[in-house]
Amino acid sequence: MRWAVLICVGAVGASAGPTLDRLIDFQQYRYGQPPREFEYDATGPHGPVLAAGRPMWRAYVDLFAPSPKLVLIQASALAKADHYPIAVLRDISLEDVKLAVSFKLLGGQLARSAGLFWRATDKSNYHAALVDGRNRELRLVKLRSGRAVEWAQAKAAFDDAAWNSLEVSVQGDRVRLWLNDQWRD
């Protein structure tokens, strides 16, 4: 599956109770090191792909990123259709949330996607908004016991060779999405 995703802005979250704002800035990390603010795993039976004992997530240089110079890169080479590497922000538990990320798709033979997920109980149970670079779609997916159920999809216009932004706002059962500042409900 040789594919990679660059992420330059982590996540900002807010809950209905106490407000929590958090911006992940990768500038504090060293090139080649995985940021400590995340736990790394993968949906599917294969687990996280390791390189020299480390997950294939690490700080990477991109001078053209919205927040240069360091970004987070995921570069898995595992060619399995049921392998989706994830980076889970540590120590956050929110019911209603607003998340935002900048991303750039770098390659991929089986999949070219990036996204955000929320209401995760583990690597096999969560909700996600995914930008699909192969089919030019934005998808909402629920993963239950490792099985994906798509509950919405829409065609999406974006430049998969450039930096893009994805925002998700969740209030109860209502999910609102923005891809490059264009709203989807």
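No lab work stands behind these numbers, since they all come straight from the coordinates. Note that this is a predicted model, so its numbers are computed, not measured. All Cβ positions, even for glycine, are placed from backbone atoms using ideal geometry, and neighbour counts span all protein chains on display.
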*List the residues of region 107-136 whose backbone N lies under 16 Å from a point placed 7 Å from the Cα of Gln171 along the Cα-to-Cβ direction.*
none
*log₁₀ I(q)/I(0) of region 97-185 at q = 0.13 Å⁻¹, via Debye over equal Cα point scatterers, no solvent, to two decimals?*
-0.40
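Could you give the length gained by full extension between Lys69 and Arg22, i.e. 0.36 nm per residue of separation minus their alpha carbon distance, to one decimal place? List each step's numbers first, then the result.
Numbers: separation 47, 0.36 × 47 = 16.92 nm, distance 1.94 nm.
Roughly 15.0 nm would be gained on extension.
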*Sorted peptide list for 118-126, 148-156, 35-43, 22-30, criterion being average Cβ within 10 angstrom, highest first*: 35-43, 118-126, 22-30, 148-156
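Any idea what the dipole of region 95-173 comes to, in debye rounded to 20, about its Cα centre with Lys/Arg Cβ at +1 and Asp/Glu Cβ at -1?
Numbers: 12 positive and 10 negative charges, 56 e Å.
Dipole of region 95-173, to the nearest 20 debye: 280 debye.
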